[in-house]
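The structure under discussion appears below in the form of structure tokens.
Quick note: the coordinates plus some simple rules give every number you see, no bench work behind them. Only a predicted model underlies this, so the values are computations on that prediction, with no experimental measurement involved. Positions of Cβ are backbone-derived with ideal geometry, glycine not excepted, and every protein chain shown enters the neighbour counts.
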Amino acid sequence: MTEAMNTNDADATRQPAGQVLDAHLHVLDRQVLDRDAVPVTTVDDLELDGIELGARIEPGSPPPTVSAILTGPQLAMRLFGGHAPAARRIAIPWRLVADIGTVVRLGVSGDDLDAGWVERWVSRHLIGRIPGGRHDPE
Amino acid sequence: MKRLFAVALGVLTAIGGFVDIGDLVTNAVVGSRFGLGLAWVVLVGVVGICVYAQMAGRVAAVSGRATFEIIRERLGPRAGLANLAASFLINLLTVTAEIGGVALALQLATSVDPGWWIPVAAFGVWIVIWRAKFELLENVTGMLGLALIVFAVALFMLSPDWGQLAGQALQPGPPAEEPVATYWFYAVALFGAAMTPYEVFFFSSGAIEERWTVEDLAKSRLNVLVGFPLGGLLSIAIAGCAAVVLLPRAIDVTSLSQVVLPVAEAGGKVALAFVIVGILAATFGAALETTLSSGYTLAQYFGWSWGKFRRPARAARFHLAMIIGILIAVGILATGVDPILVTEYSVVFSAVALPLTYLPILIIANDREYMGDHVNGRAMNVVGQVYLVIILAAALTAIPLLIVTGAGA
């Protein structure tokens, strides 16, 4: 990743090299596709490292970095407020992100990600069991 | 030659996709009460759906993003969810109406009570969505839906007083014997029937199913500009038939048999056979489109894998959502509610929900990040904004008019 993340509270005078993205505008609520362009999820939230919620940011402190895309219960948190326990978070590590455009593209297959477990469960236990469910349409 | 065929098929699709149970019933009801006095609304609606579908198709072809992905991105999760809930519920109402419409068409053909046909129709819709290729279901229903041209033929065979029909069409305004509110209620209903949101969910998601790119923009434009106006002409022919046969005898349209009565009177059994095939294809096609749209909207909001080009196990939640949607529609119909009544409500609520999906598309069609050089031109934006005003006016007045007029009674 060469792009620098420009979070809402980033210092306006800091001029990072590379493409500047607004996390809120360009990343949140975007579709996440895997290596084979299969939809995985939507960016429901982002996990930031190096910043404490509610804590004062000292001048000159290092900028926070985006560590993961959060999904699953995180959508409900954003809709209705509150906090999910860290153990229940479904995260896609930021290092798996290959490209950001009108969609967020991952460099790996979605089949191995935790974020795909509901899809896999429904596929394996419900849809895949109906005759024809595993065949191409004719 | 192959290209010509592709366009021809697209055009057929648009006709089949435009005329559904909502247009059939609403146009016949309006024709039997106001003659062609509301034909202007069909014109306004056709231009509107052309503008809307053209923008949504262009956004899908250029950016590869379907309507509800964009709505979530632009409105955020909360407003997006409210939008999803409204659009999804109204779409579900339309699914119910269309499946009911298939059952009613089968009843016309067989005289077997529609209660028996509802599970058959619902299973038919599901099995086609489950197994058939996208192009196949589009082309077959579009082609058979063309049989509805029999409404236009019937209008000529009835040899009506053309001067009188033209007079109704050219002098819009409520007739003396009907209250002003009722006239405007039906105007909004007709507008909602012409500009049903599912048509756009389906059109934009369909563009992605068929892997449209920038090179397909001309095809998209032709599909829209030929298909929807032809659908509009059919709508006016339906209203015209009702105006000639039902209006003078003061017959109120409360069932599908009254919608087809003018055709049967003009062309006898052969015409009746054509119109039944046409209605069956149009409602079945619309049932497929609305069911798919319910899956598209949910999957695109939540970022699930979707699309008919994938095998069902690779778009599991998308297919599960559609199965549940069909079951709910069957459940609603099993209460014995009249599908015609469901239809009448669904077109009014379609008008209410329209701005929710129209506005984000209008905004994205102007966003260079998504559209590059293919953003709206100035003329398109002027038309787009005029329609924004019309759509807002229809949406805001729909429910007050529904209450004041007692649903047009």
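Of all beta bridges that DSSP places with both ends in the protein assembly as shown, some 75 percent have antiparallel geometry. Counting only alpha carbon atoms, the long axis of helix B:378-404 and the longest principal axis of chain B meet at about 60°. So if I take the centroid of the Cα atoms in the range B:86-137 and the same for the range A:28-107, what is the distance between those two points in Å? Cα centres, the range B:86-137 to the range A:28-107: 41 Å. You can think of it this way: the chain between B:F123 and B:V337 has 75.1 nm of extra reach, that is 0.36 nm per residue less the Cα-Cα gap. Hey, got the average number of other protein chain Cβ atoms within 10 angstrom for residues in B:297-307? Counting other chains' Cβ atoms within 10 Å and averaging over B:297-307 gives 5. For the segment A:75-84, counting C-beta atoms of other chains within 10 Å of every residue's C-beta and taking the mean gives 2. Subtracting the Cα-Cα distance of B:L388 and B:T254 from their residue separation scaled by 0.36 nm leaves 45.0 nm. The count of lysine pairs in the protein assembly as shown that are at least 8 places apart or cross chains, and whose C-alpha atoms lie under 27 Å apart, stands at 6.
Against chain B, whose longest principal axis comes from its Cα atoms, helix B:180-194 is set at around 50 degrees.
FRET efficiency for the B:R211 to A:D112 pair, using the beta carbon distance and R₀ = 30 Å, is estimated at 0.70. With a Förster radius of 45 Å applied to the beta-carbon distance between A:R56 and B:E369, the computed FRET efficiency rounds to 0.85.
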